[in-house]
Amino acid sequence: MKIFRTLFIVQIVCTLILQTVLIYALITATQQQQKQLIMTQQQVISQALKSFEGEDYAAFAQSLRSSINIQQLHLSNTDGTVLTEFNSTTQNSSLVADLFKIAGFPRELASVKYAEQSLQLRFKPNLDNQDQAFMQALWVVLLAPLFLVLVPALVAPVQAKTIMVKLNRSLSSAMDRFMRDPAANLPDLNLPDEFDDVVMTLQRFGDFSQQQFSEMSRAAKLVAEDAYKDTVTNLPNRNRFVQYYEEHLRDSNNVDFGIFAIVRCTELQTINQSRGYQEGDKYIREVAAISERAAATYRDALVYRLNSSDFGVLIPRITAKEAENFGMLLQSKFNEYQKLTELDSVAYTGMVSYQAGRALGELLAIADTAISLAQTKQTNFWHLQKDDSQADGATMGYGNQNWRNVIDDVLGHERISLLTQSIQPANRSSKTYSEILVRFSTAEGQLLPTASFLAMAEKLDKIIAVDRLIIETALNTIKSKNLQDQYFGLNLSPRCVHDDQFIIWLERRLLKDASIANKLVFEISEFGLQQNLKTSKRFIDMIHRAGARITVEKFGTGITSFKFFRDLKPDFVKMDGSYTRHIDDDKNNQYFMRLMIDLAHRIGVNVFAESVETQEEKHMLESLFIDGTQGYYIGKPAPI
């Protein structure tokens, strides 16, 4: 680790400094000792010179050597003539002398002069013992500090690693435990006192994390609640219903049973288109409130909003007879609400008995079929599918067959009635018309849900026959009531536009009543025309030859282009209601609407707006140079 490397380098430097100081001190002390020895020997030699007589200098030198242990001696006259000398210096002494020289204490020969005999003696004591002691001390000075440095340097990392491993395991264990249970307190880490700050920091981190976990848990709970809640009705949505079913009713080992019902708001699409989405939301909330109040009379009943138009009701542990009472209660409440809202119907209910272990898809399919059967009976009626063994294709076929019989009865006895809703011109030069709306009824005089009737007619391949009946009834009504001076709009399904036999029939029928044909405007959805531009153009050309006109309705929901206008050449376009809603506050819709109006006017096409529900919307549209407006604010549907 870096910290130990740094510490090791610092220790080495300090050791070198310490060694230098100790070596210098050792040399100084040795030098003082040797200086004292030389002074003593100088005194001895001086006395020996004074007592020396004769000229046997070699014997004199030998006696000095033996008496005072001299290593090197030079005896000479004062004029420099060497009388005798010897030198027994060792290599070890030379090494020590070099060290002393480096330290500033060079070893020079000591001298003693005897003037009376003109003698000069230079000598060096035998310092081998002192030098040996010095070398031993030197090695101690050199090695001892290094040993004292290296041992901690080697031991410290091992000990530190052991401590770090223990600390790591302790912290890791604590964090693992905390991650497994964020709501738990951090355990006692049993760390050394030096790690008190770490322990306190971890404790603060634990407290902070617990607080964050609690806040995240609350936020996640709120998000989950929002994800499982319908924003319009505040009821649990389909996701919550599926979750509940999987948790409580999917397991066949449970003994739960009861009734599951789907309440379908059959008028939602009509209200959205004719009255606006605000009224549609209000209608949905009222149906939800009625369903909740009816279900509240049963213990543990639950109500969900499954999709835009369907509510699901789970009523556990009730019999079929009690389910019939629930259906009649709903019908009664829906009938009361219908009287207040001028609707053709409010909602139909399909019920099926359930028991734990049944597949959810099967349950929904049977309830959906029960709704189809209820729609063929009375207004706002209900149907209970009692026999669970019919939860296969036979049940579905029964629902379809019942609808087929109802549609055949409507076609055979012409049980339809016509209403009109006018398009108000925005200026005197604008050409508009009144749109014909259709209602279907049973033999008992009960109105059928229009959207469901048309959807089933499309599904059972009877929509062309239904459109033919509507056109025949409209032409006969206009003729019988002498309304040839007025313009009327008729809706056609996309299937008719692309059917060659229908096109041939319609052309002949329009030519038969040419005076009425030039007062008719056929409305086809943009999506229906875009399915096959070639056949759509052929159909529009035929309509124009017969003297009638074409409106492209629900305009703006498809892939709109200039080529679409240029090739099909419609007479009018009716913008989809989604662009009208709150257009007085929506800058994007204002820009798009203005762009479409300019484009349409350049090629001679008038533009209408549907679903106009407020005065502010009407004024904004007129400021954008719309040609006509339609909606409940302009005028409600009325009998023709």
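Things to note:
- If the condition is being in a loop (DSSP other than H, G, I, E, B), farther than 16 Å from Leu37 by Cβ and either out of contact with any strand residue (DSSP E or B) (no Cβ under 9 Å at 6 or more places or on another chain) or outside the structural domain of Thr20 (by TED's automatic domain parsing) (or both), then region 82-125 contributes Ala103, Gly104, Pro106.
- Test: residue in region 90-113 that is surrounded by 17 or more Cβ atoms within 10 Å (Cβ to Cβ), in contact (Cβ under 8 Å) with a residue 40 or more places away in the chain, touching a Ser or Thr at 6+ places or on another chain (Cβ under 8 Å) and farther than 29 Å from Leu22 by Cβ: yes
- Any hit, region 14-32, residues being of a type outside the set (Gly, Ala, Ser), assigned to a helix (DSSP H, G or I) and within 60 Å of the chain's Cα centre (by Cα): yes
- Scanning region 318-353 for residues that are assigned to a loop (DSSP other than H, G, I, E, B) and among the β-branched types (Val, Ile, Thr) yields Ile318, Thr319, Val346.
- Residue within region 282-297 that is part of a loop (DSSP other than H, G, I, E, B), among the small types (Gly, Ala, Ser), buried (at least 19 other Cβ atoms within 10 Å of the Cβ) and free of Cβ contacts under 8 Å to residues at least 40 places away in the same chain present: no
- Positions within region 479-508 being over 58 Å from the mean Cα position of the chain (by Cα) and surrounded by fewer than 16 Cβ atoms within 10 Å (Cβ to Cβ), in sequence order: Lys479, Ser480, Lys481, Asn482, Gln484, Asp485, Arg508
- Check on Val82, in contact with a Ser or Thr (Cβ under 6 Å, 6 or more places away or on another chain) and either over 21 Å from Trp139 (Cβ atoms) or without any contact (Cβ under 8 Å) to a residue 12 or more places away in the chain (or both): yes
- Positions within region 144-162 being surrounded by 14 or more Cβ atoms within 10 Å (Cβ to Cβ) and without any contact (Cβ under 8 Å) to a residue 60 or more places away in the chain, in sequence order: Ala144, Leu150
- Listed by position, the helices (runs of 4 or more DSSP H) inside region 409-506 whose residues that are polar (S, T, N, Q) and free of Cβ contacts under 8 Å to residues at least 24 places away in the same chain number at least 2 are 463-480.
- Residues located in region 40-81, provided they are hydrophobic (A, V, I, L, M, F, W, C) and either assigned to a loop (DSSP other than H, G, I, E, B) or loosely packed, with under 11 Cβ neighbours inside 10 Å (or both): Phe52
- Exactly one residue out of Phe539, Phe564 is at pLDDT below 85 and of a type outside the set (A, V, I, L, M), and it is Phe564.
The values are calculated or read from the model by the stated rules, or taken from the named source; none is laboratory data. A quick note: this is a predicted structure, and the numbers were derived from the prediction, not measured. Every residue, glycine among them, receives a Cβ derived from its backbone with ideal geometry; neighbour counts consider all protein chains shown.
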